[in-house]
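Have a look at the structure below before the remarks.
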Amino acid sequence: MEILDGKVVANVINENIKKKVSLLERRPVLAIILVGDNPASNIYVKKKREACNEVGIKSIQISLNSDISEEELLVEVDKLNQDLNIDAIMVQMPLPKHISEKVVLDAVAAKKDVECLNSSNFGKFSEYGEDSVAVSPVTAMAVMKILEVYDIEIEGKNAVVVGNSNIVGKPIAMLLTDNGATVTVCHNKTKDIAIHTRWADILVVAVGKKHLIGKGMFKKNATVIDVGINREGKKIFGDVDFEAAKEVVGAITPVPGGVGPVTVAMLMKNTFELFSKNL
Ligand code: NAP
């Protein structure tokens with residue numbers, strides 16, 4: 001059984017960006033909007049800023065109170081849209097319940113939308129594929145990068161994606177389809193997930209439920225990509241029961257140290273891409 005080590009993949013991407021950034025006269029700038037004080041969001045933003053620092057990208061954090069109104073938040077987004085010194089904008093999710101994530105994501109200027117999440121970019125990506133947009137959704141790209149680096153064949157394979165969110169599950173399913181897999185998507189209303197997962201040559205799980213996928217749910221020698229992050233105190237667990245999986249599967253990403261670091265590296269790559277395209 002092979003461990004698909006995300007840290008190794010992330011290092012290669014980060015080193016490449018670092019080299020390119022070191023040749024620039026001006027450093028690319030990523031602005032991160034953080035609303036409220038969700039502890040997990042604080043950790044994610046800190047990690048993203050550390051990665052920026054490592055590769056030479058300048059990061060700016062705009063921290064806003066959780067009681068900010070949607071209108072006030074839109075004003076903040078617009079300031080960043082207008083600011084010629086900002087190359088890329090990301091809004092850390094989740095937002096407080098009284099604010100529409102869709103409205104805020106759609107307010108981010110298309111050319112600064114570092115996660116490809118506003119409707120115009122995501123629409124192009126969905127309809128015409130990754131070549132039609134400046135940058136693609138980061139977690140989906142991270143999954144594809146891991147498969148590429150570890151030389152896992154996609155064309156002609158049966159892939160199952162558990163989870164169907166716009167940010168993670170949907171774009172992963174699209175990229176796997178575009179790369180020649182036959183894809184099944186499972187979600188909250190799927191009656192018996194195991195029927196599907198047992199059929200998967202490539203199984204990607206992005207739900208947010210600790211060990212949802214366990215014993216008896218894997219195809220022998222499958223490749224398993226565990227996107228889930230579930231925090232219990234200081235410990236982090238995936239959506240896949242690693243101990244159960246390792247007896248059967250051919251390759252698997254660990255949690256932590258799998259998709260997470262590659263997603264952050266993809267954010268660095270996307271920031272660099274937007275900087276280059278907006279010069
Ligand atoms: P989300 O928006 O809550 O979506 C969860 C998806 O899982 C939904 O499509 C939902 O189905 C489905 N689902 C819920 N319960 C299910 C069940 N019992 N069986 C099958 N499907 C079920 O979450 P997300 O933003 O996509 O994130 C998913 C996980 O990935 C989270 O743990 C998150 O922290 C993690 N994540 C990790 C990274 C990384 O870099 N590693 C990046 C982003 C997110 P419905 O559509 O029917 O509601």
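For region 112-119, the count of residues that are on the phi > 0 side of the Ramachandran plot, of a type outside the set (Asp, Glu) and either out of contact with any strand residue (DSSP E or B) (no Cβ under 6 Å at 6 or more places or on another chain) or crowded, with 16+ Cβ neighbours inside 10 Å (or both) is at least one.
For region 58-80, does any single residue satisfy the condition of being touching a Ser or Thr at 6+ places or on another chain (Cβ under 7 Å) and surrounded by fewer than 19 Cβ atoms within 10 Å (Cβ to Cβ)?
yes
Answer with yes or no whether Ile99 is farther than 25 Å from Val9 by Cα, in contact (Cβ under 8 Å) with a residue 60 or more places away in the chain and over 19 Å from the mean Cα position of the chain (by Cα). It is true that Ile99 is farther than 25 Å from Val9 by Cα, in contact (Cβ under 8 Å) with a residue 60 or more places away in the chain and over 19 Å from the mean Cα position of the chain (by Cα).
Across region 80-98, the qualifying residues are those that are over 16 Å from Ser41 (Cα atoms) and either in a loop (DSSP other than H, G, I, E, B) or acidic (Asp, Glu) (or both), and the one among them that is nearest to the ligand (Cβ to nearest atom) is His98. Determine whether region 244-251 contains at least one residue that is surrounded by fewer than 24 Cβ atoms within 10 Å (Cβ to Cβ) and closer than 19 Å to Lys145 by Cα. Yes, because at least one residue in region 244-251 is surrounded by fewer than 24 Cβ atoms within 10 Å (Cβ to Cβ) and closer than 19 Å to Lys145 by Cα. Under the condition of being within 16 Å of the ligand (Cβ to nearest atom) and touching a Cys at 6+ places or on another chain (Cβ under 7 Å), the residues counted in region 126-154 number 3. Checking the stated criteria, Leu34 turns out to be under 24 Å from Ile229 (Cβ atoms) and either modelled with pLDDT of 95 or more or within 22 Å of the chain's Cα centre (by Cα) (or both). Restricting region 1-53 to residues that are closer than 29 Å to Phe218 by Cβ and of a type in the set (D, E, K, R) leaves a set whose member that is surrounded by the fewest Cβ atoms within 10 Å (Cβ to Cβ) is Glu2.
The values are calculated or read from the model by the stated rules, or taken from the named source; none is laboratory data. Note that the structure is a prediction, hence the values are computed from the model and not measured. Please note: Cβ atoms are built from the backbone with ideal geometry, for glycine as well, and neighbour counts cover all protein chains shown.
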